[in-house]
Structures are given as C-alpha cells and as structure tokens.
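Asks: Below is one structure. I have some questions about it.
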Amino acid sequence: MRASRTALVIGANGGIGRETCLALQKHGWQVRALVRHLPAEQDGIAWIQGDAMQLADVLAAANGVNVIVHAVNPPGYRQWDTLVLPMLDNTIEAAKAAHARIVLPGTIYNFGPDAFPLLREDAPQHPQTRKGEIRAQMERRLAQATHAGVRTLIVRCGDFIGPRAGNNWFGQGLVQPGKPVTTLRYPADYAHHHAWAYLPDVAETIARLLERERALADFDVYHFGGYWLDGHAMADAVRRAADNPHIVLKRFPWWLTALAAPFMETLRELRKMRYLWRESIRLDDAKLVAFLGERPYTPIDKALHATLVGLGCV
C-alpha cells in the first residue's frame, strides 16, 4: 500500500489551484489548501485560512507535507512588484522546513523574442515586461533554492481555458461570460496561432508528473503544449462546442482597452501583454510527451464545451 502523501496548495481558490486540488485528490493525495477566504464547499479538502504573505501561516500549513503547489497570484494583477516575490520566498522557506517539492505553474511571460517561435524548456529568458522580469526572477530563486535542498517542478503553459479558469483571455476577451456566444473577438490577425491550455489537463499533468517523483530532477521544467490554434480554427471549435454555426469572428477592440486602461490596472497589464498576440509562440512539449508516453490533452471541442458551460455561455 502506498504511504499517505499530502500536498499543500497555496491559492486554491484560483483556477489552476482548484483544478490541481481535484487532480491530486483523484490520484490519492491528501490535500490541504491555504486561502485567505474559506469556500462554502469543502470538497474533501482540508481548508486552512491564512495569508501567503505571512511566513508563519505558510510554515504552519506546510508542516509535514510532501509537495507545495505555489498557485497564488495577486488578484487582478495588482501589486505584482510588492507581493509576488515575498510570497514565493515564504513558500521556499516552508519547503525547506518540510523537505517538500515546490510545484510552480509557469507562464511564457519570462521569455522574449529571442526565444520565439518554438519555446523550449532551456530557452534564454530575456523578458520584455516588468511582469515577465518578475516571473523570470521567480524561476531563478527556485533554481537557487536547489542548493538549499529545495526541489522544484515547473510546468509552463499558454493561455488558460477551463470551467474554473478565472482571469483569462478566453473568458474575458474572446467571449462574454453569462451570455450565449454570438461573436468571438480575436485579439490578433485571424491567421495568428496561439497556445491554449485546458486547466483540468494541466492539473492532471502535474499530478502524473508527481507520481514519478523519483524520475524528476531536483529542478525540473516541462512545457505543456496544449492546443495550437489560429483565429479561424478557434472560431470553428467554439461553433462546434456551442452548437452554433452562426458565431461571428471579429477582431478584439484593442482601441477600447486603450481608453479604459488609465482607470483599470487589469487592462493596463493586459495591454502590456499584447506582444504575445503579435508573436506566434508555441511551447515545445516533446520532453513532456516523452516522459508521459502520450499527449495528455482533452479533445478541443470537449474542452471548449466545458469552458463555455462554466462561463454560463451554453
């Protein structure tokens, strides 16, 4: 019988955090969740009220765990400069104390044009934005923590879709939550290919990687390729998923975000990421596929249907 394994998920109220809780439970893990606000439904998770900015809270929650999933982000992109790195430092200290592996859901923000268009795990990190610089610094701190005995697994992904995805381009830009889809607003030229990651698949991939802990390097990185679609292919998939062949494909109104950006920090940050819609960036998942022995991706129509249901669009 396998010994009991316990994971702490920090940021479990977010999209990737909640999906990772569910995937780890499915794989037999005991799951704790450190959150600022306790949810109404417990779902068999040991919810702990606390603050990722408070080292004592993180240390107490991580006592005796095998894995710490660092899925916490400042809400609405606010205060990245002052919150992100201190929260990660607390997770690193807790991992040292518990002798636990850290799991970080990664992004492509920490790369610049010299790493494009096919993004490999060991590509040089020359970010173009402040948010990207912070992301790159997060990974450097985790790599340095290896010298103190902290093991890390990073799974980098494209833009999220999923029934509980939270803040994401699909649910906040391409479609309108709570309404049947009549128009898909694409933020780039329709021929532009973009990388999408279905959150339940990402979480399942993390769980499956952790199943083979002994085969992982002390500091290991995998790219989750997901779906590689241009605007026309995405529109066709949404039409099938929504069972509506009449959905119209239009361009996303960037000009409108320019007008509102001075008053909304979230929009200001989204505009800084516009270069990701000008460059075609594909995550090379050869390492992941070789390790798992298959491509761990749900068919796109099924993934989009679940996403639209979760958004109240179907």
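The values are calculated or read from the model by the stated rules, or taken from the named source; none is laboratory data. Model, not experiment: these values are computed from the prediction. Cβ coordinates were reconstructed from backbone atoms using ideal geometry, including for glycine residues, and neighbour counts include every protein chain displayed. These area figures cover heavy atoms from the full protein model, side chains too; ligands, DNA and RNA do not enter into them. Shrake-Rupley method; radii C 1.70, N 1.55, O 1.52, S 1.80 Å.
Asks: Is there a pair in 250/287; 250/302; 131/179; 26/179; 131/302 whose C-alpha atoms are over 27 Å apart, and which pairs would that be? Could the numbers behind the result be given before it?
Replies: Working: 250/287 36 Å; 250/302 23 Å; 131/179 31 Å; 26/179 32 Å; 131/302 32 Å.
Beyond 27 Å: 250/287; 131/179; 26/179; 131/302.
Asks: Continuing with this model, one more query. Would you mind computing, in nm to one decimal, how far apart the modelled labels at residue 301 and residue 243 are, each placed 7 Å from Cα along Cα→Cβ?
Replies: Going from the residue 301 label point to the residue 243 one covers 1.2 nm.
Asks: To continue, here is another question. Rounded to the nearest 500 deg cm²/dmol, what is the calculated helix-only ellipticity per residue at 222 nm for the chain, with -39500 (n - 2.57) per DSSP H run of length n ≥ 4?
Replies: -11000 deg cm²/dmol
Asks: Now for a separate question. What does DSSP give for the chain in terms of the percent of beta bridges that are antiparallel, rounded to the nearest 5? If you can, show how the numbers build up before the last one.
Replies: On the way: 3 of 39 bridges.
Around 10 percent of the beta bridges assigned by DSSP in the chain are antiparallel ones.
Asks: Now, a different point. Please report, in Å, the Rg and the Dmax of region 206-254, where both are computed over Cα atoms only.
Replies: 18.4, 50
Asks: Along the charge dipole of the chain, which of 15, 210, 153 sits closest to the positive end, that is, farthest toward it, with unit charges on the beta carbon of Lys, Arg, Asp and Glu (+1, +1, -1, -1)?
Replies: 15
Asks: List the trypsin sites (Lys or Arg not before Pro) within region 12-75 that DSSP assigns to loop and that have no more than 16 neighbouring Cβ atoms inside 10 Å.
Replies: Working: sites: 18, 26, 32, 36; in loops: 36.
The qualifying sites are 36.
Asks: If packing is taken as the average count of other Cβ atoms within 10 Å, what order do 174-180, 162-168, 237-243 fall into, highest mean first? Mind dumping the intermediate values first?
Replies: Working: 174-180: 15.0, 162-168: 20.3, 237-243: 18.7.
Output ranking for 174-180, 162-168, 237-243: 162-168, 237-243, 174-180.
Asks: Rounded to the nearest percent, how much of the accessible area of region 199-244 (1.4 Å probe, protein heavy atoms only) is carbon and sulfur? Before the final figure, lay out the partial values.
Replies: Values: 730 of 1700 Å².
Carbon plus sulfur share of accessible area: 43 percent.
Asks: Tally Lys/Arg at +1 and Asp/Glu at -1 over every other residue whose Cβ is under 12 Å from the Cβ of residue 219; what's the total?
Replies: Working: positive: 101, 140, 141, 151; negative: 121, 122, 139, 218, 220.
Taking every Cβ under 12 Å from that of residue 219, the sum is -1.
Asks: Taking a probe of 1.4 angstrom, what is the accessible area of residue 313 in Å², to the nearest 10?
Replies: Around 10 Å² of this residue is reachable by solvent.
Asks: Rounded to whole Å and sorted largest first, list the principal axis extents of the Cα atoms in the chain.
Replies: The principal-axis extents, from largest down, are 54, 40, 39 Å.
Asks: Now a separate question. Ranked from the most accessible area to the least, with a 1.4 Å probe and all protein chains present, what is the order of 305, 70? Don't skip to the answer; put the middle values down first.
Replies: Values: 305 80, 70 5 Å².
Largest accessible area first, the list is 305, 70.
Asks: Same structure again: Computed over the Cα atoms of region 151-214, what is the convex hull's projected area averaged over all directions, in nm²? Show your work: numbers first, answer last.
Replies: Values: hull surface 23.3 nm².
The directionally averaged projection comes out at 5.8 nm².
Asks: While we're on this one: Along the principal axes of its C-alpha atoms, what lengths does region 19-90 span, in descending order and rounded to whole Å?
Replies: 36, 26, 19
Asks: Which loop-located trypsin sites (Lys or Arg not before Pro) does region 97-136 contain, where loop means any DSSP state but H, G, I, E or B and the Cβ has at most 16 other Cβ atoms within 10 Å? All intermediate terms of the calculation are to be shown ahead of the outcome.
Replies: Values: sites: 101, 120, 130, 131, 135; in loops: 120.
Passing both the DSSP loop test and the Cβ count: 120.
Asks: From the residues 253, 80, 102, which one has its Cα farthest along the dipole of the chain in the positive direction, the dipole being from +1 and -1 charges on Cβ of Lys/Arg and Asp/Glu about the Cα centre?
Replies: 253
Asks: In the neighborhood of residue 163, defined by Cβ-to-Cβ distances under 11 Å, what is the net charge if each Lys or Arg adds +1 and each Asp or Glu adds -1?
Replies: Numbers: positive: 18, 164; negative: 19.
With Lys, Arg at +1 and Asp, Glu at -1, the net is +1.
Asks: How about region 1-100: which GluC sites (Glu not before Pro) there lie in a loop by DSSP and see at most 10 other Cβ atoms within 10 Å? Intermediate values should be presented prior to the final figure.
Replies: Working: sites: 19, 41, 93; in loops: 41.
Passing both the DSSP loop test and the Cβ count: 41.
Asks: Using the Kirkwood radius over C-alpha pairs as Rh, can you work out the diffusion coefficient of region 1-154 via Stokes-Einstein at 25 °C, viscosity 0.890 mPa s, in µm² per second?
Replies: Working: Rh = 16.0 Å.
My calculation gives 153 µm²/s for D.
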